[in-house]
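Please find one structure pasted underneath; my questions will follow.
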Protein chains: 2
Amino acid sequence: MSTKSRGSNAERNLIHKFWEKNWAAMRSAGSGSNHYPCPDIVASNNLRKLVLEVKLTTEDKKYFMDKEIEELQEFANLFGGEPYVGIKFFRKDWVFLTLEDLESSGKHFVVTTEIAQRRGLSFEDLINC
Amino acid sequence: MSTKSRGSNAERNLIHKFWEKNWAAMRSAGSGSNHYPCPDIVASNNLRKLVLEVKLTTEDKKYFMDKEIEELQEFANLFGGEPYVGIKFFRKDWVFLTLEDLESSGKHFVVTTEIAQRRGLSFEDLINC
C-alpha cells in the first residue's frame, strides 16, 4: 500500500472514531486552487469544534512546517475551533497535541515519540478534555 | 469546461465569499469509503456553524434526493450546525434555503427558480441571519 493510501486510510479510521462517539467529522478536499488555509479534518458536536492537521509516520519523529501550523492556527481562529495536530506512529494509537505543546526547531515543529508520550492526548482524552 | 469543473469552480467561489467575510470555510473530500454523511461545505465563525449541500444548474429547477437531505440533516444534528442547501442558477447569484423551505415531490426535493426567488436567502442574508 502506498504512503498516500496509508495516510488516507488512517484519516478515515480517525473519522470513524469520531462518528462512533457521536461527533460529526469530515475530511477536507485540500485547499486546491483557493489557497485558503485548510485543515485535514474538522470534527464537531454541540459543544466543541476541533480543527486537525494529521500525519502518520513509520519514523520516530514527525515534522510540521511552520506554515502548516500557522495556517492551522489561522483557520481555527476564524472557524472558532480548537487546533490540534494528530500523529499516528507506526503500530501505535493516534496521539494529539495542542500547538503550544509542539517544539519548534526554527523552520518546523517536531513531534518525537518521546514528546508524544509525554504530552500527547489519546483520542479519548481529546474528545473529553 | 466540464460540468464537474464548473461545479468545483462554483464551490471555490463560494468558499472565497466566506473568507472575504472572515468566516473559515472548507470543501469536503466527499464521504469516500467511509459512508458517513458528508456535506459539500462547512463554514463557521465564532458564533455560527453552517453545513451546506450545494449545486449549480443551467436548468430552471434542481433536485435534491431525499437521502442527500436526510444525511445533511443528520450531519448537521451531530455537528451542531445549521443545514442549508445552496443553488446557483445559471448567471444568477447563489441562493440558500433551509430544509423546511424545500418542497418534497416524493423521492426528492425540488428547488425551482420561482421557489428560490420567493424563499431563497442571498449569501449576505445567509451569513447575517
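The values are calculated or read from the model by the stated rules, or taken from the named source; none is laboratory data. Since the structure is predicted, the reported quantities are computational estimates derived from the model, not experimental observations. No Cβ is skipped: glycine too gets one built from the backbone with ideal geometry, and neighbour counts run over all protein chains shown.
Hey, could you check the range B:1-58 for residues that are within 7 Å of chain A (Cβ to nearest Cβ) and in a helix (DSSP H, G or I) and say which is surrounded by the fewest Cβ atoms within 10 Å (Cβ to Cβ)?
Applying the filter and picking the extreme gives B:His16.
Of the residues that sit in the range A:98-129 and are under 14 Å from the mean Cα position of the chain (by Cα), in a strand (DSSP E or B) and not aliphatic (A, V, I, L, M), which one is surrounded by the most Cβ atoms within 10 Å (Cβ to Cβ)?
A:Phe109
What is the number of the single condition among (1) touching a Ser or Thr at 6+ places or on another chain (Cβ under 6 Å); (2) more than 14 Å from chain B (Cβ to nearest Cβ); (3) modelled with pLDDT of 95 or more that A:Phe96 does not meet?
Going through the list (1) touching a Ser or Thr at 6+ places or on another chain (Cβ under 6 Å); (2) more than 14 Å from chain B (Cβ to nearest Cβ); (3) modelled with pLDDT of 95 or more, A:Phe96 breaks only (1).
Of the conditions (1) closer than 30 Å to B:Lys21 by Cβ; (2) away from chain B (no Cβ under 14 Å); (3) in a helix (DSSP H, G or I), A:Tyr84 satisfies every one except a single condition; which number is it?
(3)
Just to be sure, is B:Phe75 outside any helix (DSSP H, G or I) and surrounded by 14 or more Cβ atoms within 10 Å (Cβ to Cβ)?
no
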